[in-house]
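The values are calculated or read from the model by the stated rules, or taken from the named source; none is laboratory data. As the structure is a computational prediction, the values presented were derived from the model and not from experiment. All Cβ positions, even for glycine, are placed from backbone atoms using ideal geometry, and neighbour counts span all protein chains on display. We work out accessible area using only protein heavy atoms, side chains counted, and drop any ligands, DNA or RNA first. Shrake-Rupley method; radii C 1.70, N 1.55, O 1.52, S 1.80 Å.
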Amino acid sequence: MDISGTAREVTACRMCGEEDWQKVVDFGPVPLADSFLEPAASYDDEPRYPLAVISCRSCRLMSLTHVVDPEALYRTYPYTTSDSETIKKHMGHVVAVCVERFGIPEGSFVLEIGSNTGSQLKAFQNAGMRTLGIDPARNIAVVANERGVETLPEFFSVDTAALVKKTYGTPQLILGRHVFAHIDDVASVAEGVRNLLGPDSLFAIEVPYLVDMLERNEFDTIYHEHLSYFGVGTLVTLFQRHGLRVVDVERLAVHGGSILVFVGLDDGTRPTSPAVGELIALEKRTGLHEDATYQRFAEHVEQITGELTALVRSLRAEGKRIAGYGAPAKGNTLLNVCGLTTDDLEFCCDTTEFKQGLVLPGTHIPVHSPAYAKAQDIDYFLLLAWNYGEEIMAKEAAFLARGGRFILPNPRPSIVPSGA
Ligand SMILES: [Zn+2]
């Protein structure tokens, strides 16, 4: 069922307001990446929405062409923050950077937008901070509150900001980890943040970095929840329009390459670090402002999807058993764009319990537990959760020792260990 009519088509750029777009890639109508389904005899009614990206020639925001109603996407949200070692370590790093580099004192008020089950705020509580979370997913806010992280089940906006200021005071730090790319009305969020910040307060956002995405061909991070794909220059443009200033930025390895961007009031006390100008210069050097860069990315996407599909099917033709490792949102983009089905992958294994027993959106590949996967004699795992690759490889030492192999989708499809 193509219900493209129910998604809003993007016209003006949400960062700079211009309307001069370059078309980048178009994946056609695709189901929502987190809409796992009960197994059924027919999936004819499955809703699909256009999934395509464009690049703003003015500020070089990469954006989806269509915005699905956030009420449909987030009010009941299946994604909970990973409790993997990679993420735990990363959250500790975020606390350390905020506390040490910016001298945020113990007892400060830390507010997080899109706080999910509250894992990051717990880490701030452990560092002696007062915390408050805001997350529109009612099911997830309940979990956060139960574990002692006070969380309001709301979208963040100018109105929510006013409520927070009145009831809880001025935060020293506002966090937005992997939420900013999900927000359509960024102007309202930027305004709300500005109203909440004190002269030395910081707004720290973590987003996937466009430079890494383009260089490593991480096209599977394109799905309906990710409305925006940012470089530092684009964020500087946005915040300038709202009386805010990017004061520092750090590149991170997490989620395939991300940036942690620190924003203060334009007339606030925080000086601007040279790192901001350095990354803007890097973006220029890597061609972020040129049409050719995005054309090349589109060509790579086509090559990779073709190669990956051919690789999986040739292994299947040899009688190899293949399953997906992880059932992350990005895996659904990858599988849907490649056109892989239950003929190609027997199942996907995922530690998230509520996904087990369901089927993936679009491809309808069943999701099973890691215990189920272990009992199968799988020859190859297609590594869908590649952002946890290192941790997964270490965990699956026994699988590798008995000759099992992983298929990695990016930056080019490959088999590890090679040479088998
Ligand atoms: Zn723009």
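For this structure, a couple of remarks:
- Screening the stretch 213-271 for residues that are out of contact with any Phe, Trp or Tyr (no Cβ under 9 Å at 6 or more places or on another chain) and small (Gly, Ala, Ser) and picking the one that is farthest from THR286 (Cα to Cα) gives GLY268.
- Single match in VAL254, VAL261 (criterion: modelled with pLDDT of 95 or more and surrounded by 15 or more Cβ atoms within 10 Å (Cβ to Cβ)): VAL261
- Here is the figure for the stretch 124-151: residues that are farther than 26 Å from GLU106 by Cβ, open to solvent by 30 Å² or more (accessible area, probe 1.4 Å) and either in a loop (DSSP other than H, G, I, E, B) or basic (Lys, Arg) (or both) total 1.
Matching residues to (1) open to solvent by 40 Å² or more (accessible area, probe 1.4 Å); (2) touching a Pro at 6+ places or on another chain (Cβ under 6 Å); (3) of a type outside the set (Val, Ile, Thr):
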residue	(1), (2), (3)
TYR294	no, no, yes
ALA298	no, no, yes
GLN303	yes, no, yes
VAL312	no, no, no
ALA317	yes, no, yes
ARG321	yes, no, yes
TYR325	no, no, yes
THR333	no, no, no
LEU340	no, no, yes
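- Taken over the stretch 13-47, the residue count meeting the criterion of being within 16 Å of the ligand (Cβ to nearest atom) and either closer than 19 Å to PRO366 by Cβ or open to solvent by 40 Å² or more (accessible area, probe 1.4 Å) (or both) is 5.
- Scanning the stretch 152-180 for residues that are buried (at least 22 other Cβ atoms within 10 Å of the Cβ) and in a helix (DSSP H, G or I) yields a total of 3.
- The set of residues in the stretch 389-407 that are under 16 Å from VAL254 (Cα atoms) and open to solvent by less than 40 Å² (accessible area, probe 1.4 Å) comprises GLY389, ILE392.
- Contacts under 7 angstrom Cβ, first residue in the stretch 346-363 being more than 12 Å from PRO39 (Cβ to Cβ), partner among the basic types (Lys, Arg), 6 or more apart: GLU346/ARG321
- With respect to the conditions (1) out of contact with any strand residue (DSSP E or B) (no Cβ under 7 Å at 6 or more places or on another chain); (2) modelled with pLDDT of 95 or more; (3) within 16 Å of the ligand (Cβ to nearest atom); (4) part of a helix (DSSP H, G or I), PHE239 falls short on a single one, namely (1).
- Contact map, the stretch 51-71: first residue more than 18 Å from VAL232 (Cα to Cα), second residue within 13 Å of the ligand (Cβ to nearest atom) and small (Gly, Ala, Ser), Cβ cut-off under 7 Å, separation 6 or more or different chains; pairs are VAL53/SER63.
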